[in-house]
Each structure stands twice: as C-alpha cells, then as structure tokens.
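Notes to accompany the following structure.
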Amino acid sequence: MYEPKLVLISLLIKLGVAAAVSAVTARALTFQRLLFAERRTTAQTIGLLAFLCIPLTLGVWIRFIVPNFYAADIGFETVIILGILLGPLSALFGGAVLSLPAMLHQEYLTLPFFLAVATVSGLYGRAVEPEEVWSFSPFVDLSIYRWVRRNLLEPRFDRQILLLMLIVGMQVVRMWLAALYPGLLFTLNSRGWAVKLAICVCPAVVVAIPLKIWNSSRIEIKLKEQKRLVLEARFDALQRQINPHFLFNTLNSIASLVRFQPEMAREMIVQLGNILRALLKDHDAYVPFREELTFTDDYLGIEVVRFGAEKLRVVKEIEPRTLELLVPCMLLQPLIENSIKHGLEPRLQGGTITLRSRIQGAKMVVEVEDDGVGMAEGRAREVGFVSRGAGIGMRNVRERLEVLYGNSARFDVFSRPGRGTRVTLEIPMAPNVLVLADQTSARASTLS
C-alpha cells in the first residue's frame with residue numbers, strides 16, 4: 001500500500017506524462033503518417049511500435065531507478081492503446097517489450113498480464129468501428145452522464161461505455177493480482193475507497209488523452225485534405241470553362257466556310273479540336289509558357305478567321321527566357337477572349353491584341369493589351385482584386401491565381417476609354433523549379 005497523497009500526486013503526474021508524450025508524437029509528421037495510414041506494411045507497424053514502445057519502456061525503467069516516481073510507468077495504458085488502434089498482434093508485441101524492465105526486476109506476472117490485456121483490447125479494437133475508438137472521451141463523468149441520459153430515453157448498447165468498463169475492470173484485476181502476489185505485478189494501491197476509485201478510473205483517462213490529442217491532429221489532416229480536394233476541384237472547374245458563344249460562333253464560321261473555302265474550314269476544325277482536346281484531357285496545373293502560347297495560337301487562329309485578318313491583328317513581344325517558365329494552364333485564353341469581345345468587337349475597324357512577357361525581379365510579368373474601346377474607370381477597378389463583380393473570364397483568371405498563389409500573385413487592369421485596356425499578371429517565379437520537379441517525379445512514377 002502507498003500513501004494516499006503519493007498516489008494522488010502520481011496519478012496527476014501520470015496524466016501529464018500521457019498528455020506530454022501524446023502532444024510530442026502528434027507533432028511528428030512521420031508518426032502522423034504511420035498512425036493515420038489506412039493500411040500499414042509490416043515495416044510501418046514496427047516503426048509505429050518503436051515510436052511508442054521505446055520511450056515508454058524507458059518510463060517503466062525509470063520507476064525502478066527513481067525512488068517514489070511511479071508516474072512514468074504507463075505501460076498498462078500503452079498496451080490498451082496499442083490493442084484498440086493496431087490490433088491484438090501488435091499489442092502482444094508491444095506488451096512484451098513494455099514488460100521487459102519489470103521482468104528483469106522480478107515482476108514476473110507483468111508479461112502474462114500485459115499479454116492478456118493486449119488480447120482483450122485488441123479484440124475490442126477489431127470489433128468496433130475506428131470512429132468509436134477515436135471518439136472515446138477522457139471526461140469519464142460526462143460520458144457516463146450522456147450514456148445514462150440516452151438509455152433512459154432509448155436503451156441501447158454503447159461501445160464507449162464498454163471500453164470504459166473494460167479498462168476499469170482490467171485495472172481492478174491488476175490490483176487484485178498485485179495484492180494476491182506481492183512483488184510480482186506493479187500497481188498503485190491504497191486503503192481508502194476514494195483513492196482506489198481514482199486509481200481505477202485513471203487508466204481510462206490516460207488512454208483517452210492520447211486518443212483525443214491524436215484525433216485532433218487526425219481531424220486537422222482530414223480538413224486540410226478536404227480543403228486541398230475542394231481547391232483542386234474548383235481549379236479544375238475554372239480551368240475547363242469554355243464560353244459556349246465561342247463554340248457556337250466557331251461552328252457557324254466553319255459551316256459558312258465549308259462550301260467556298262474548305263481548306264480554311266478544315267484548318268479551323270483542327271484548331272478547334274486542339275482547343276477541345278486541351279480542355280478535356282487530364283493535364284498538370286502548370287505548363288511551360290511555350291505550351292500556353294501554342295494553345296492561344298489555336299484560339300487566335302480561329303478568331304482571326306472569324307473577324308478577318310484586317311480586323312484582328314496579333315502582336316507578340318515575348319522574352320525568350322520566359323518560354324520555359326511554368327504558368328497556370330489556359331491562363332491567357334480568357335483574357336484574350338475578354339479583349340476581343342469587349343474591346344475589339346464593338347469597333348467597326350477592329351484592332352490589335354498585344355501579348356507581352358518578361359522577367360521582372362523574382363516574378364514573371366505577362367500582359368494582354370488591346371487598343372479597343374476601353375472601359376470606364378469604375379469598370380476597370382471592378383475587374384481587379386478590388387471588387388468581386390467582374391465578367392466570367394476576368395473572374396476565372398483572378399480566382400485561379402488566388403487558388404494557386406494566394407497573395408503572391410498580382411492582377412492589374414489599366415484601361416482608358418477609347419484607347420484600350422491592358423491586363424497585367426505578375427506570377428512568382430520561385431515555385432517554378434519546385435513545381436517542375438514535382439511534375440517530373442509524378443510523371444516518372446506514373447511511367448514506372
């Protein structure tokens with residue numbers, strides 16, 4: 001028997017030890033990967049066991065080295081955690097490792113007891129859904145209150161209360177064996193019933209604390225993954241947009257050319273096919289600027305045929321160093337379409353679209369300029385980042401830059417009524433090398 005004050009202090013420190021170990025491991029990315037993997041290889045399971053068993057086995061050893069310091073020994077609770085999370089086989093192995101210091105100090109009942117605990121907790125973990133394990137709460141009093149309240153209204157079997165009862169029951173058996181065979185199995189014990197109750201309930205709280213902390217990390221990872229998937233879906237939807245009016249007008253132009261200019265109609269069909277193929281295929285989020293220009297060439301080729309070479313002129317001022325830099329796929333087409341539709345189409349004599357690119361400091365600058373009718377000052381501000389109320393093409397480009405670069409990208413619109421509009425994009429160059437490396441490795445893994 002131990003002094004009640006020593007027992008209570010040890011129980012409180014034990015809760016702190018459990019919280020500290022859980023918080024430290026929850027921050028380790030390798031541990032997160034191993035713990036939250038849906039299917040683990042044998043090597044991954046051994047790695048996860050090493051993460052937990054090595055430091056906690058040292059904790060068991062500390063109990064023998066430091067007088068009256070019993071809080072570091074949470075081997076019993078660790079075996080339960082291994083059982084409900086990893087299954088009986090892993091728990092049996094972990095229980096054997098955790099029992100080594102006790103066995104070397106002649107506590108010979110520790111190994112068979114830990115193996116029995118591993119079996120019971122492992123079978124429980126196999127029998128319930130993972131979510132029921134992760135939702136196990138350290139607030140035992142609230143769990144019991146909710147269970148009583150629910151069962152008064154609608155009696156049902158609660159697996160969380162079953163886990164609580166199993167942990168308390170195994171601790172009672174542990175105390176009984178330790179009293180029956182002194183020196184062969186360690187546990188805290190005391191004469192007072194209040195202290196005995198605290199000793200029995202404490203392992204359940206120690207088990208629940210890591211589950212709660214790790215579950216918070218698990219939920220955070222899931223939320224990040226869902227956010228990433230939403231951004232990818234949003235980006236893909238924006239990327240695949242095509243103006244139905246453009247498609248309708250292009251088909252009309254092809255129909256009018258088929259009889260009198262079949263070669264030009266054929267060329268337009270090839271160019272339209274290239275555009276649709278680029279929109280429908282699975283492609284990377286980024287492409288070299290050279291490929292982006294090739295895509296816009298097909299689009300402009302169709303528009304030149306529709307409007308006539310004398311009404312739509314294209315000028316390119318492209319810095320050669322920018323051709324291999326990565327840009328978001330299909331970034332220019334909405335801007336060019338906006339220039340044609342709102343800038344040049346209203347003018348009887350048409351006009352010129354100028355495409356520019358250059359490197360400016362750590363950023364790549366891309367400009368799409370037309371000499372069309374321009375926009376009023378208020379309208380020019382609307383299509384920038386100042387306001388959300390913009391046309392589909394401009395909003396598409398702006399939102400894609402926000403998704404991909406956050407605040408690192410810049411989107412500016414400068415327009416003068418009657419003299420044209422210039423859209424300027426500034427894209428960070430630093431991620432280009434990293435993105436290219438990621439895409440290259442992804443292609444290599446696909447090919448292998």
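Only the coordinates and a few stated rules stand behind these numbers; no lab work does. These numbers were taken from a predicted model, which means no experiment stands behind them. FYI the Cβ positions are ideal-geometry reconstructions off the backbone, even for glycines, and counts take in every protein chain you see.
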When the chain is fully extended, how far beyond the present Cα-Cα distance does ALA28 get from ASP412, taking 0.36 nm per residue of separation? 134.1 nm
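Highest mean first, how do 331-337, 12-18 rank when packing is the count of other Cβ atoms within 10 Å averaged over residues? Intermediate values should be presented prior to the final figure.
Details: 331-337: 23.6, 12-18: 17.4.
Per-residue mean Cβ counts within 10 Å order the peptides as 331-337, 12-18.
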Gained length - VAL66 relative to ARG228, 0.36 nm times residue gap less alpha-carbon distance: 53.5 nm
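If R0 is 22 Å, what FRET efficiency do you get for MET264 and ARG395 from their C-beta distance, rounded to 0.05? Mind dumping the intermediate values first?
Numbers: r = 34 Å, r/R0 = 1.53.
E(calc), rounded to 0.05, equals 0.05.
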What are the ³J(HN,Hα) values, in whole Hz, obtained from phi via the Karplus relation 6.51 cos²θ - 1.76 cosθ + 1.60 with θ = phi - 60°, for each residue of region 406-416 in sequence order, with x given for Gly and Pro? x, 8, 7, 8, 10, 10, 10, 10, 10, 9, 10
Need one number: nm distance between label points at ILE9 and HIS105, each 7 Å from Cα along Cα→Cβ, rounded to one decimal. 1.8 nm
Considering amide H positions built from the backbone, and no H for Pro or chain starts, which residues 5 or more places from GLY372, or on another chain, come under 5 Å of its amide H? GLY420, THR421
Which length gain, in nm to one decimal place, applies between ILE219 and ARG40 when the Cα-Cα distance is subtracted from 0.36 nm times their residue separation? 62.5 nm
Bins of 5 Å from zero: percent of alpha-carbon pairs in region 4-224: 1, 7, 14, 20, 21, 17, 11, 6, 3, 1, 0
